[in-house]
1. Round to the nearest 10 and report in Å² the accessible area of Lys103, as given by a 1.4 Å probe over the protein chains' heavy atoms.
2. Which distance in nm do the two modelled labels at Ser32 and Tyr88 give, with both placed 7 Å along the Cα-to-Cβ direction?
3. Taking the Cα-to-Cβ direction at Thr45 and at Ser102 and moving 7 Å from each Cα, how far apart do the two end points lie in nm?
4. So what's the net charge close to Thr134: Lys and Arg +1, Asp and Glu -1, counting the other residues with Cβ under 15 Å from its Cβ?
5. For Asp132, Asp47, Asp122, give the ranking by accessible area with the largest first, probe 1.4 Å.
6. Looking at the stretch 40-119, which chymotrypsin sites (Phe, Trp or Tyr not before Pro) are DSSP coil and have at most 15 other C-beta atoms within 10 Å of their C-beta?
7. How far apart, in nm, are the 7 Å Cα→Cβ label points at Glu21 and Asn54?
8. Taking a 1.4 Å probe, which of His60, His22 shows the most accessible area, and what order do the others take after it?
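The values are calculated or read from the model by the stated rules, or taken from the named source; none is laboratory data. Bear in mind that the values here come from a model prediction, so they are computed numbers and not experimental data. Cβ coordinates were reconstructed from backbone atoms using ideal geometry, including for glycine residues, and neighbour counts include every protein chain displayed. Side chains included, ligands, DNA and RNA excluded: accessible areas come from the protein's heavy atoms. Shrake-Rupley method; radii C 1.70, N 1.55, O 1.52, S 1.80 Å.
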Amino acid sequence: MYFLSSVQLYVWTQPVMKYCEHTVAVKAIAWSPHLYRLLASGGGTTDECIRFWNTTTNSHLRCINTGSQVCNLIWSKNVNELVSTHGYCQNHILVWRYSTMSKLATLKGHEARVLYPAISPDGKTIVTGARDETLRFWNVFPSPRSQIVSRGKISVA
């Protein structure tokens, strides 16, 4: 990794941090856009966990067992919520409220491992791509500029 200062170039050849708590391959990583230095990571088939890390203090904050392989993670741009996509054995999408990690929604429809999510520019819709060769669109998140009563909470922008 390179970092260019106004007059100096810094080169890092060693990792700055290392986390080893997952029990199988790490399949997903996502930085929170809402909380500085909060990182979420997801483990594969036999791990089934989403882990949260404070990269400022280099500490493991919590672990949530999702019950299935975590394939990808994406944070909402508008609210402090996280989407996880899953493979074996559920093949679904989950929406979580951070920091309670209460499950807000289970989105079903894919018939195989949900590999890739992307969020729309307005932050309201996600699209998921799966091994079943389909794209599915989901209206999940509120608009950042409107007052919304949603999932038991009120947010005003």
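1. Lys103 exposes around 110 Å² with every protein chain in place.
2. With each label point 7 Å from Cα toward Cβ, the separation is 3.2 nm.
3. It is 3.5 nm.
4. +1
5. Details: Asp132 35, Asp47 10, Asp122 75 Å².
The residues order as Asp122, Asp132, Asp47, largest area first.
6. Within the stretch 40-119, the qualifying chymotrypsin sites (Phe, Trp or Tyr not before Pro) (loop, at most 15 other Cβ atoms within 10 Å) are Tyr88.
7. 1.2 nm
8. His60, His22
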